[in-house]
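Okay, so here's the structure we're looking at.
The values are calculated or read from the model by the stated rules, or taken from the named source; none is laboratory data. If you're wondering where the values come from, they're calculated on a predicted model, not measured in any experiment. Don't worry about glycine lacking a Cβ; one is built from the backbone with ideal geometry, like all the others, and counts go over all protein chains shown. The protein model used for the area step is the full one, side chains on, heavy atoms only, and it has no ligands, DNA or RNA in it. Shrake-Rupley method; radii C 1.70, N 1.55, O 1.52, S 1.80 Å.
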Amino acid sequence: MSLSPQFLDELRARTTLSTLLGKTIKVQKAGREYKACCPFHNEKTPSFTINDEKGFYHCFGCGAHGDAIRWMTEQRGLPFIDAVKELADAAGMEMPAADPRAAQKAKQARGLHEAMQAAQDWFEAQLAGTDGAEARAYLNKRGITDATRRSFGFGFAPDSRGKLKSALKDFPTEMLVEAGLLIQPDDKGREAYDRFRGRLMLPIRDARGRVIAFGGRIIGEGEPKYLNSPDTPLFDKGRTLYNLDKAASAARRADRVIVVEGYMDVIALAQAGIEEAVAPLGTALTEHQLERLWKMVDVPLLCFDGDNAGQKAANRAALRALPLLKPGQSLNFVTLPGGMDPDDLIKAKGAKGFEGALLSPRPLVEQIWQHEKTSGDVTSPEGRAGLQQRTADHAAVIADELVRKEYQRALRGLFWDEFGWKKQEIQAARSYISITRQEISSDKTSMMKRIDMMIKRGILLGISRYPSALYSHREQITRISMPTPALRQWVALMVQASIEHDPLEEPLISAILRNELTPLPERRNLKHDLAFSFFRKSRNEQARLAAEKDLKDVIEIILFEQEYSPVLKKLSETVHDREQETENLAEITEHEWQERLKLIINKRKNDERLRELKANIEEQLLAA
């Protein structure tokens, strides 16, 4: 539909702005203008002015500014065309003619709206009459006040197949069937009958507050417990949110919108003073409903029941939201304690208790993580690999590239926070790496001492790069004599972590580099540290195996050098003692002789390997 500037100008001229705004906020005359407390931000002293002559409002506090149409779209939350239609109806103006098919559709919709409103009026009358006694008793039992009952339009449908049909006899039966008020049997010879019977009725309204459907709760025993209108030309349950008409303006004032599971949760919250709540209509949140929520606030708050069904609904909503995410737009989740729903919590602890439960919401990325972590086995390497695959698959469906990359990074981080190195371990390791680097660079007295420290520090950097060597050579590593307290504490950290955690799959070096708090100079120093083959990150499996072999060889070389002298001394003392006792070399056993010979040969080989290793390190020290 095309709206000319002339039509919109005439609409603004016919609309008295102070009267329009006065339906929602309290306005006071102030000279030729009106003033009020701004509905767009909280204030105690009025700074919001309304000028009927110029046709605009302005807030000197927050800068809100607009005309009648903007008021309807910003404060009421109506789409532009709906805002214009409502203002035009109030001003007695005909909307510009559309094409004949659109005009016929609009005429049909007007008839359906009138039928729905007539049904609503009749349901309310039945609740107030003798037939509604049991329904009124139910409302009293639920703690629903008369003011709340009137505000939400509670009604009652008597347990009759034809009372509503008779009450709406001025409307064609076909229209009432199309509106979802009557059911037409497949057997065309049978008459249409009332859809809602023996139920407490609630109107479902569109953003403009017009009745477009009904929800009915059974009074007494019966199934289904809740019954909604079917989809009609007015009502699409996948695009409609219950209480949207009331919650839109409240959400703007509170800067939040709360999504709960059902009507009664919404009503309980509103009665407690929390008016910015909406609910889907018997289905999981749809893409259309999510988009509508994001038009209200950037991060809607989903507060579903704490039972299994509520958590399943929350997880479905989380997964459905992923492809739609954009920078700044997300969801937060709240799980209520003890399997309660909002109505239970309000009754038990009041509005303060409910607000307290909202203080620590779970971000969408953590909801996805918790859902997948608890949906499969994570005690085995294969199970953890499956967890990584599932979370990676979820991140991959996000259409926005920036958000997708952030989710990939965040989900990897959550995985390693859970199954990898803990933050305090990473922080301690960073400290040991820095201290031992300074110890080597500051000791200028002995090249041999610096080389020894560098080799042993290199071993620890190596197992920080290849955790498998930590598990295969843990006992050998603990036997290596470390020359400084920092090196000894580093060993203790690595060994303790390997005992306390499941097999560590993430290298400690990767965890340090993954940490966003690791500054650039420290990252550069680490890359300098990782100059040896068993420090560097391998580019393929063959290189990784070769690097791990180099690392294990160095561990064995250093340990052999350290333990050679005591072993040889002990063996020599045994042989010497035997010679003293027998004064005869022939009494030395062949086995003892072979052990001594083997030790000497291994010593020569180890010396050669150690010389190569020390020469390599000395060359790097001199180059540095």
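For segment 355-391, give me each residue that is open to solvent by 50 Å² or more (accessible area, probe 1.4 Å), of a type in the set (A, V, I, L, M) and in a helix (DSSP H, G or I).
385
Looking for something open to solvent by 30 Å² or more (accessible area, probe 1.4 Å), at negative phi and within 11 Å of the chain's Cα centre (by Cα) - is there at least one such residue anywhere in segment 333-340?
Checking segment 333-340: not a single residue is open to solvent by 30 Å² or more (accessible area, probe 1.4 Å), at negative phi and within 11 Å of the chain's Cα centre (by Cα).
Tally up the residues in segment 1-42 that are out of contact with any Pro (no Cβ under 9 Å at 6 or more places or on another chain), in a helix (DSSP H, G or I) and not acidic (Asp, Glu), please.
12
Is it fair to say residue 414 is hydrophobic (A, V, I, L, M, F, W, C), in a helix (DSSP H, G or I), within 27 Å of residue 258 (Cβ to Cβ) and open to solvent by 30 Å² or more (accessible area, probe 1.4 Å)? Steps first, answer last, please.
Numbers: hydrophobic (A, V, I, L, M, F, W, C): yes; in a helix (DSSP H, G or I): yes; within 27 Å of residue 258 (Cβ to Cβ): yes; open to solvent by 30 Å² or more (accessible area, probe 1.4 Å): yes.
Answer is yes for this residue.
Name the residues in segment 248-261 that are in contact (Cβ under 8 Å) with a residue 40 or more places away in the chain and of a type in the set (Gly, Ala, Ser), would you? Steps first, answer last, please.
Residues of segment 248-261 that are in contact (Cβ under 8 Å) with a residue 40 or more places away in the chain, as a first pass: 248-249, 251-253, 255-261.
Matches in segment 248-261: 248, 249, 251.
What about residue 27, is it touching a residue at least 40 places away in the same chain (Cβ under 8 Å), among the aliphatic types (A, V, I, L, M) and in contact with a helix residue (DSSP H, G or I) (Cβ under 7 Å, 6 or more places away or on another chain)?
no
Got at least one residue in segment 478-499 being open to solvent by 50 Å² or more (accessible area, probe 1.4 Å), part of a helix (DSSP H, G or I), basic (Lys, Arg) and at pLDDT below 80? Break it down into steps so the answer makes sense when it comes.
From segment 478-499, those open to solvent by 50 Å² or more (accessible area, probe 1.4 Å) are 478-479, 481, 483, 485, 488-489, 492, 496, 499; that's our starting set.
Next, from what is left, pick out any that are part of a helix (DSSP H, G or I): 478-479, 485, 488-489, 492, 496, 499.
If we keep only those that are basic (Lys, Arg) as well, we get 479, 488.
Add one more test, that the residue is at pLDDT below 80, and what stays is none.
Checked segment 478-499: no residue is open to solvent by 50 Å² or more (accessible area, probe 1.4 Å), part of a helix (DSSP H, G or I), basic (Lys, Arg) and at pLDDT below 80.
Can you work out which of the residues in segment 268-287 that are assigned to a helix (DSSP H, G or I) and surrounded by 24 or more Cβ atoms within 10 Å (Cβ to Cβ) is farthest from the chain's Cα centre (by Cα)?
Of the residues in segment 268-287, the ones assigned to a helix (DSSP H, G or I) are 268-271, 287.
In the following step, the residues that additionally are surrounded by 24 or more Cβ atoms within 10 Å (Cβ to Cβ) were identified as 268-269.
Details: 268: 26, 269: 23 Å.
Among those residues, the one meeting the criterion is 268.
Just to check your reading of the model, which residue among 440, 426, 433 is under 16 Å from residue 506 (Cα atoms) and open to solvent by less than 70 Å² (accessible area, probe 1.4 Å)?
Among 440, 426, 433, only 426 is under 16 Å from residue 506 (Cα atoms) and open to solvent by less than 70 Å² (accessible area, probe 1.4 Å).
Name the pairs whose Cβ atoms lie under 6 Å apart, with the first residue in segment 104-131 and within 21 Å of residue 233 (Cβ to Cβ) and at pLDDT 90 or above, the second surrounded by fewer than 17 Cβ atoms within 10 Å (Cβ to Cβ) and not basic (Lys, Arg), and 6 or more positions between them or separate chains?
Close Cβ pairs satisfying both conditions: 115/175.
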